[in-house]
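Here the structure comes first, spelled out in structure tokens, and everything after it is commentary.
Read-outs throughout are calculated quantities, based only on the coordinates presented, and are distinct from any laboratory measurement. Every value quoted in this text rests on a predicted model; they were computed, and no experiment measured them. Cβ placement follows ideal geometry from the backbone for every residue including glycine, while neighbour counts extend to all protein chains displayed.
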Amino acid sequence: MKRWALVILVLLLPLLPWIIQSGNYFYNINSEYSDLVVSHFPNATYLLRSLRESSAIPLWSSLILGGAPFAADPLSGLWYLPGWLAYGLPQPIGFNLVLLLHVLWGGLGTVWLLSRLGLRREAALLGGIAFELMPKLFAHAGAGHITLVYAVCWTPWLFLAELRRQQLGESGFTTTFLPGLVMGVTFLADPRWAAYAAGAWILWGLWRARRANSWNHLLRWLPGGILQALIALGVSAVLLLPMAQFTQLSTRSGLTAKDVLTLSLPPVQLAALIFPNIGGYAEWVVYPGAAVVLLAIYALAVKRVRQQAGFWLVMALTGTVISLGSMWPGAEMIARLPLIDLLRVPSRAWFLVGLPLVIVAAYAFNDLFEMTTRQEKPRWILPMVGLTALSVFITAGLVMMGGTLPTGMIWAAVTFPLGLALIILINRFGTAKSGWAASLVMLVVADLSGVNLSGMQFRSKCDVMSEGAEAALYLANQAGEFRIYSPSYSIPQQTAADFGLELADGVNPMQLASTARFMERASGVASNGYSVTIPAFASGDPKVDNAGAMPDTVLLGLLNVKYIVSEFPLTGVLLSEVWQAGSTHIYENPDVKPRVWVQPAADAVGTGRISAGRIIVNEPNQLKVEVDGPGLVVFSMVDYPGWSLMVDGKPANKLRIANLLIGTEVGAGLHKVDLTFKSPLLTFGQGISILTWLIALGIGYTSFRKNRLGSQNGQP
């Protein structure tokens, strides 16, 4: 136990600078946006507010896009219980500490995996440190992709669980359930990574089974592998089933092959394997560290290491092929296949390169450490020297030409010679191996920490939450139930959530197709393909992109949009400006409709005599109103499977109004209408997940008791 406490301490030390900065938001140095701020913070705020005010977990979100399923959205974080640890602390400290705990967890899993594979403690520690400081991990942390980081950090544990399952044979809790449980938890953390992790896990299991050189052994593995897959599906059912429904009704169901491949890794970015792209676009960060690259060359050049690390070399090659995506002939045809078309951003498969490279480097480091005699004419020297010379000569050439020298080039010209020198010293001077090895580990820490910290900016909570705060404060002081629309993202989602405002626009990769179609007409902004924002921003600059678009105030009014907030003047539409500060304008929509209204059933929606319904209960999963009939009751709520209507306590027929909203007809007199959201698929998924966990824990407890009694009775 003391040894593992020391390992945790060693892994924790490189994270201290990040722990110190945990009171600030992490942003990539060249970016104005972070998904943590845009999505995860608002979702957490909404969840906690709902629990506080209604004592219920919200299954529907009214935060953005006029409303959308919350329990079916993987970005809600609702079903990933370790993520809830962040909610008990002030933000951003809570999110940052949970993020760093996952990074530490991933490093610890890598150390344990390498130890179980038979590597020395020193090599396992180098692998753990190189994994937890992987620049791609921190680049995605800076982009706010915290759930992706969570999921990736479970990957070493997934490999470890499968390794133990095969090593321990056919009995015990670990054999029966653990790999499937880890896979299910990985899915709950981030389904986008789970698909890649599942593929890697299957290949790892088949590779390990194949090593027995027996078809019988491989066939015996298959039933266990199928059982693990079923367990993973059972654990993830609480999210998987409602998300599958949401996906089919979302804009993601219409992704084209071009949409799927749009963020493939450009081949030119592979140069960043040597020259780190400090502060670069998170999806294209590939730098694993100078020492990791040099040790990987060693592994490729030395046959015994190449054989030991064969699977990981194959995995790294596979990850590279997937990441490059669109450059391969036939890529678009593959992207059209079922399920594949739902996996955007092929460059995220680079994590299937990053982790294997770390493990390959650990194997090489282990081999260097265990050599009892120095190698005379080692084959790995020439390619290492060549690569190092390349990094130095290119940098020196740019200096001589007087051009602008990127920081990454200077970095490579320093770290690669240092790494090469230390590897040669470890090889040549066996009596001082420990000292030189420690120096190489310190270089890994300094190299990766320097790249990560140089590419990050730390923004205070006050700075981040001040964005759009003046306009949000004005709107929060206005009476009534209403939504806001902005063609220029003038009220950021984190600010809206902080002030309790509801938006008709928004940023989310999961959008209902019905909402997207409606808002395309209401905003006057064409989407031109898949977009993560409503409205779309053609060049990525919200302040100017939609300056020429003419919003349809009538359609926006149907969605209860009372105010339009814009960074540019809106002319050509009948709006009255009610507030301005700097470049931000707030206009009142004269065509706004109430959250619930009654109109003559024969009239076109939103026309004729309209009377507002009196809201009695307004909670995330329920809206109770009192209306005066006869007529058509229209709820300015987005229709979705799971919404049900009761009129005076009796089930009522639900109508879809204007291809988006919910309505029903009532007779004369005063009526109480109850709109409730409850997803049957979610309920079914919850039952499956709970049953899976109960069975797993029951068998785990039985196995533990059996082993304990066996130990007490002196049985092996």
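Quick check on the stretch 176-300: take the gyration tensor over C-alpha atoms, sort the square-rooted eigenvalues as a ≥ b ≥ c, and tell me if it's rounded (a/c under 1.5), prolate or oblate. Write down the numbers at each step before the final one.
On the way: a/c = 2.35, a/b = 1.16, b/c = 2.03.
Here the stretch 176-300 falls in the oblate category.
How much length is gained if the chain between residue 29 and residue 659 is pulled fully straight, taking 0.36 nm per residue apart and subtracting their Cα-Cα distance, in nm to one decimal?
Result: 222.5 nm gained on full extension.
In whole angstrom, note down how far apart the Cα centers of the stretch 239-303 and the stretch 14-52 are.
A separation of 22 Å, based on Cα centres.
Determine the sum of side-chain charges near residue 167: Lys and Arg each +1, Asp and Glu each -1, restricted to other residues whose C-beta is under 11 angstrom from that of residue 167.
Details: positive: 116, 164, 165, 208; negative: 162.
Result for the neighbourhood of residue 167: +3.
So, how do all the Cα-to-Cα distances of the stretch 596-680 break down into 5 Å bins, in percent, from 0 on up?
3, 16, 29, 28, 17, 6, 1, 0
How charged is the neighbourhood of residue 641? Take every other residue with its Cβ under 11 Å from the Cβ of residue 641, and add Lys/Arg as +1 and Asp/Glu as -1.
Numbers: positive: 654, 678; negative: 639.
After counting each charged neighbour, the total is +1.
Which whole-Hz ³J(HN,Hα) couplings does the stretch 462-472 yield from phi under the Karplus relation 6.51 cos²θ - 1.76 cosθ + 1.60, θ = phi - 60°, glycine and proline marked x?
After applying 6.51 cos²θ - 1.76 cosθ + 1.60, I find 4, 5, 5, 7, 7, 5, x, 5, 4, 5, 5 Hz.
Once each part is reduced to its C-alpha centroid, what is the distance from the stretch 457-508 to the stretch 90-145 in angstrom?
So the two Cα centres are separated by 34 Å.
Going down the table (593/624; 461/624; 258/678; 543/593; 461/543; 654/678), which pairs top 25 Å between alpha carbons?
Values: 593/624 17 Å; 461/624 37 Å; 258/678 36 Å; 543/593 28 Å; 461/543 23 Å; 654/678 14 Å.
As for pairs spanning more than 25 Å Cα to Cα, those are 461/624; 258/678; 543/593.
Quickly estimate the mean residue ellipticity at 222 nm for the chain, helices only: each DSSP H run with n ≥ 4 gives -39500 (n - 2.57), and the total goes over all residues, rounded to 500.
Here the helix-only value at 222 nm equals -16500 deg cm²/dmol.
Relative contact order for the stretch 472-588: what is it in percent, counting Cα pairs under 8 Å that are at least 6 residues apart?
Numbers: 185 pairs, mean separation 32.6, N = 117.
Across the stretch 472-588, relative contact order equals 28 percent.
Across bins of 10 angstrom width beginning at 0, how are the C-alpha pair distances of the chain distributed, in whole percent?
Bins of 10 Å from zero give 3, 13, 22, 23, 18, 11, 6, 3, 1, 0 percent of pairs.
Return the sequence-ordered ³J(HN,Hα) values of the stretch 448-455 in whole Hz as given by the Karplus equation 6.51 cos²θ - 1.76 cosθ + 1.60 applied to θ = phi - 60°, using x for Gly and Pro.
6, 5, x, 5, 5, 5, 5, x
Length gain on complete extension for the stretch residue 81 to residue 8, per 0.36 nm per residue less the alpha carbon to alpha carbon distance?
Values: separation 73, 0.36 × 73 = 26.28 nm, distance 2.27 nm.
Separation in residues times 0.36 nm, less the Cα-Cα distance, equals 24.0 nm.
If exposed GluC sites (Glu not before Pro) are those in a DSSP loop with at most 13 other Cβ within 10 Å, what is the longest stretch of the chain that has none? List each step's numbers first, then the result.
On the way: sites that count: 32, 170, 376.
Here the longest segment lacking exposed loop sites spans 377-716.
How far apart, in nanometres, would the label points at residue 668 and residue 336 be if each is projected 7 angstrom from Cα along the Cα-to-Cβ direction?
Placing both labels 7 Å beyond Cα along the Cβ direction yields 6.0 nm.
Within the stretch 412-443, which residues have the backbone N less than 20 Å from the label spot 7 Å out from residue 393 along Cα→beta-carbon, could you tell me?
Inside the label zone: 412-421.
Which chymotrypsin sites (Phe, Trp or Tyr not before Pro) from the stretch 421-530 combine a DSSP loop assignment with at most 16 other Cβ atoms within 10 Å? Show your work: numbers first, answer last.
Values: sites: 429, 436, 458, 474, 482, 485, 489, 499, 518, 530; in loops: 429, 482, 489, 530.
Hits after loop and neighbour filter: 429.
Given an 8 Å cut-off on Cα distances and at least 6 residues of separation, report the relative contact order of the chain as a percent.
Values: 1275 pairs, mean separation 107.1, N = 716.
So the answer I get is 15 percent.
Could you work out how much longer the chain between residue 622 and residue 306 gets when fully extended? Use 0.36 nm per residue separation minus the Cα distance between them, nm to one decimal. Numbers along the way, then the final one.
Details: separation 316, 0.36 × 316 = 113.76 nm, distance 6.05 nm.
Here the segment from residue 622 to residue 306 would lengthen by 107.7 nm.
Show me the chymotrypsin sites (Phe, Trp or Tyr not before Pro) within the stretch 241-291 that DSSP assigns to loop and that have at most 16 other Cβ atoms within 10 Å of their Cβ. Write down the numbers at each step before the final one.
On the way: sites: 246, 281, 284; in loops: 281.
Passing sites in the stretch 241-291 are 281.
If Lys and Arg each add +1 and Asp and Glu each add -1, what is the summed charge of the other residues whose beta carbon sits under 11 Å from the beta carbon of residue 670? Each step should come with its number before you reach the end.
On the way: positive: 614, 672; negative: 626, 628, 648.
Taking every other residue near residue 670 into account, the sum is -1.
Run the paramagnetic zone check for residue 650: 7 angstrom along Cα to Cβ, then residues of the stretch 671-696 with backbone nitrogen under 15 Å.
Within reach of a label on residue 650, which here means backbone N under 15 Å from a point 7 Å along Cα→Cβ, the stretch 671-696 contributes 671-674.
For the pair residue 466 and residue 414, what calculated FRET efficiency results from E = 1/(1 + (r/R0)^6), where r is the Cβ-Cβ distance and R0 = 51 Å, to the nearest 0.05?
Details: r = 39 Å, r/R0 = 0.76.
Using R0 = 51 Å, I get an efficiency of 0.85.
Calculate one ³J(HN,Hα) per residue across the stretch 153-162 by plugging θ = phi - 60° into the Karplus curve 6.51 cos²θ - 1.76 cosθ + 1.60, and present them in order as whole Hz with x for glycine and proline.
Listing the rounded values in order: 6, 7, 4, x, 5, 5, 4, 5, 4, 5 Hz.
Trypsin sites (Lys or Arg not before Pro) within the stretch 509-548: which are DSSP loop residues with at most 16 other Cβ atoms inside 10 Å? Kindly include the intermediate steps, with their values, before the conclusion.
On the way: sites: 517, 521, 543; in loops: 543.
In loop regions of the stretch 509-548 (DSSP not H, G, I, E or B), the sparsely surrounded trypsin sites (Lys or Arg not before Pro) are 543.
Classify the stretch 472-588: rounded, prolate or oblate, from the alpha-carbon gyration tensor (a ≥ b ≥ c, eigenvalue square roots; a/c under 1.5 rounded; otherwise prolate if a/b is larger than b/c)? Provide the component values of the computation, followed by the final result.
Values: a/c = 1.40, a/b = 1.26, b/c = 1.11.
The shape class here is rounded.
Take every DSSP beta bridge with both residues inside the stretch 472-588 and express the antiparallel ones as a percent of the total, to the nearest 5. Mind showing how you got there, number by number?
Details: 11 of 15 bridges.
The antiparallel fraction comes to roughly 75 percent.
Under the rule of at least 5 residues apart or a separate chain, name every residue whose amide H is placed under 5 Å from the amide H of residue 573.
Hits under the 5 Å cutoff: none.
How far apart, in nanometres, would the label points at residue 53 and residue 573 be if each is projected 7 angstrom from Cα along the Cα-to-Cβ direction?
2.6 nm
Rounded to the nearest 5, what % of the DSSP beta bridges within the chain are antiparallel ones?
Details: 54 of 58 bridges.
Antiparallel bridges: around 95 percent, rounded to the nearest 5.
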